[in-house]
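S.K.: This is the structure I have questions about; it appears just below.
The values are calculated or read from the model by the stated rules, or taken from the named source; none is laboratory data. Since the model is a prediction, treat every value here as computed from it, not as a measurement. Virtual Cβ from ideal backbone geometry, glycine too; neighbours counted across all protein chains shown.
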Amino acid sequence: MAQSAQDAGPGIADQVRGFILENLLFTDDRSAIDDDESLLDKGIIDSTGIMEVIMFIEERFGIQVRDEEMIPENLDSVSNIAAYVARKTGA
């Protein structure tokens, strides 16, 4: 079962959500995405958007996303991304 964004460490989910809202949805309306909804299924991000998210988390959190880690279980929702970052950073 996926770890919730709240359990993933304070601030990680907020930073990820903020990046997606500002850079991919061009809004500051926090209700525009739910932490657990699929970003791909909802059409919020595409393959280019995934690369932008990966670059963001690598730069912001100082982690390296390996090719084999580029899977929906890690990157398809705010919750999944936050949990992935928390695992990688030990947060």
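S.K.: Report, by residue number, each residue of segment 8-33 that is without any contact (Cβ under 8 Å) to a residue 40 or more places away in the chain, of a type outside the set (A, V, I, L, M, F, W, C) and either surrounded by 12 or more Cβ atoms within 10 Å (Cβ to Cβ) or not in a loop (DSSP other than H, G, I, E, B) (or both).
M.R.: Correct list: 14, 18, 22, 23, 27, 30, 31.
S.K.: How many of the residues in segment 21-40 are among the small types (Gly, Ala, Ser) and farther than 12 Å from residue 75 by Cα?
M.R.: Total satisfying the criteria: 2.
S.K.: Take residue 51 and decide whether it is surrounded by fewer than 17 Cβ atoms within 10 Å (Cβ to Cβ), out of contact with any Asp or Glu (no Cβ under 7 Å at 6 or more places or on another chain), without any contact (Cβ under 8 Å) to a residue 24 or more places away in the chain and over 19 Å from residue 14 (Cβ atoms).
M.R.: Judged against the criteria, residue 51 is a match.
S.K.: Filter segment 56-75 down to the residues that are assigned to a helix (DSSP H, G or I), touching a Leu at 6+ places or on another chain (Cβ under 9 Å) and at pLDDT 95 or above, then identify the one that is nearest to residue 14 (Cα to Cα).
M.R.: Selected residue: 57.
S.K.: Test each condition in (1) among the charged types (D, E, K, R); (2) without any contact (Cβ under 8 Å) to a residue 40 or more places away in the chain; (3) in a loop (DSSP other than H, G, I, E, B) for residue 37 and report the one that comes out false.
M.R.: (2)
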